[in-house]
1. Subtracting the Cα-Cα distance from 0.36 nm times the residue separation, let me have the gained length for K265 to R416 in nm, one decimal.
2. With every protein chain kept in the model, how would you rank D110, D12 by accessible area, 1.4 Å probe, largest at the top?
3. Whose amide H sits under 5 Å from the amide H of I190, counting only residues 5 or more places off or on another chain, with H placed in the peptide plane?
4. Would you tell me the accessible area of S403, worked out with a 1.4 angstrom probe on the heavy atoms of the protein chains, in Å² to the nearest 10?
5. Given an 8 Å cut-off on Cα distances and at least 6 residues of separation, report the relative contact order of the chain as a percent.
6. Could you give each residue of the range 128-135 its phi-based ³J(HN,Hα) in whole Hz, using Karplus coefficients 6.51, -1.76, 1.60 with θ = phi - 60°, and x for Gly or Pro?
7. Out of residues 5 or more away from Y249 or on other chains, whose amide H comes under 5 Å of its own, with H placed 1.01 Å from N in the peptide plane?
8. For F93, list long-range residues whose amide hydrogen, built 1.01 Å from N in the peptide plane, is under 5 Å from its own amide hydrogen.
Amino acid sequence: KEELKPGASQLDHIRREAEKRYSQVFNMSGYAAPKLDKVRVGFIGLGGRGSAAVTRLSYLEGVEIKGLCDVIPEKAEAAKSRIKTSGHTPVVFSGSEDSWMELCRRDDIDLVYVATPWPLHAPMGIYAMDQGKHAALEVPAATTVEDCWKLVQTSEKNKKHCAILENCCYDFFELLTLNLARNGFFGEIIHGEGGYVHEIGESLFFRGKPGRSWRLGQNMSRNGNLYPTHGLGPIAQIMNINRGNRMEYLVSTSTKDFMMNDIAKRLSESEDYFKQFVDAPFRGNMNITTIKTVTGQTIMLQHDVTTPRPYSRLHLVSGTKGIAQKYPLPPRLADSHDGWFSEEKFKEIEEKYNPPIIAKMRELALKIGGHGGMDFLMDWRLIDCLRNGLPIDINVYDAASWSVVSPLSEWSVANRSTPVDIPDFTCGSWKSNIPHDISLTRGGTTGVRI
């Protein structure tokens, strides 16, 4: 239990890494890799997230699933049954902790899709890019400042994309608010809020195989916003972070633990296995992190996975002319203090300002699914960009800057909410980088086999 308590030297390492300065080798923002008529995909990590992704990508034209890897052989084999169309010839990699490296080294794979435990995302993405592959990493893309920089440097060096699989950027309301911001509905953006409030306290104690309760370990050893990107990603896109704007510094605070030890005590009453977690050093239940951008905007993020609150991915955009909010209410828009727009007016705005990706793919997304369709939109858009040789929507600078909030929040919490600077992973190119294209004026050609 004592080993799970981060010491001062470990926390100081976070600050030292955040203060390092690097030079850009190549600007990946706006970079269009050579187009791929067929995207050959290898998957690492075939639990719930990974196996569902196998199904979604198997529906896409121009995709060939070539590799399936999981340290548990049964999961790797079972993923084959998740493939819904013909033309896929996946090789299974399993039985060893290093099987994933063999998948990355194959010369018949273009994209490595990583859905493993959090601390493995960055090492696997770095290795994949060094083997000449594009990488798509589940969230967060990295858990340390050092790995965030390594992802950036490796992507730039190899000119390989490193996409963070932030599905919330592709939810329908988040896409609508992004397009509304691009069209001036909010005026100047002043403030944004995002969050991940999802009560999974008891399920964190999932036993699985020995050593597999990795998410419980994260909540025992780290005190900060451990899962920031769901709330941050859509707001960062609206504020043009890394493309004309950047996050400058953050402050973070956490409550003490009011919940997890009680859960451990309750579970231990029926099974001795859980006694080891009684009086363990669990971290705070609620974390609040606030961010200031260089253009003067603020962002507030919440993280809470243990208290009995209704699920919320708070998405709030506030500007000089209007406001949008989803959670705890259904999606709402307004342009004055008189109250939210009527349902009829909301639908009028929705029909006028929904971006083309929704108009084109909404019904298919709802049919194929994945968190209401946003997972499918995310996968479809990534594959379509790779097949058409287009810049990807969410690049390595987004992966690094959104993910680095997690370790930086740990340092701030441990230092009485002292501000900490957020590294500029673009090394200054944010000043000239342009916002990503959501118009589908190019691309949008990838079909679906269903």
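1. On the way: separation 151, 0.36 × 151 = 54.36 nm, distance 2.95 nm.
Extra length from K265 to R416 when fully extended: 51.4 nm.
2. Numbers: D110 20, D12 70 Å².
Highest to lowest solvent-accessible surface, that is D12, D110.
3. Sorted by chain and number, the residues that satisfy this are S318, G319, T320.
4. Approximately 0 Å² for this residue.
5. Values: 972 pairs, mean separation 104.7, N = 450.
Rounded, it is 23 percent for the chain.
6. 4, 5, 5, 8, x, 10, 6, 10
7. Excluding prolines and chain starts, which carry no amide H, the hits are K292, I422.
8. L68, C69, D70
The values are calculated or read from the model by the stated rules, or taken from the named source; none is laboratory data. In this text, all values refer to a predicted model and were calculated from it rather than measured experimentally. In this analysis, Cβ positions are derived from the backbone assuming ideal geometry, glycine residues included, and neighbour counts consider all displayed protein chains. The accessibility values were calculated without ligands, DNA or RNA, using every heavy atom of the protein model including side chains. Shrake-Rupley method; radii C 1.70, N 1.55, O 1.52, S 1.80 Å.
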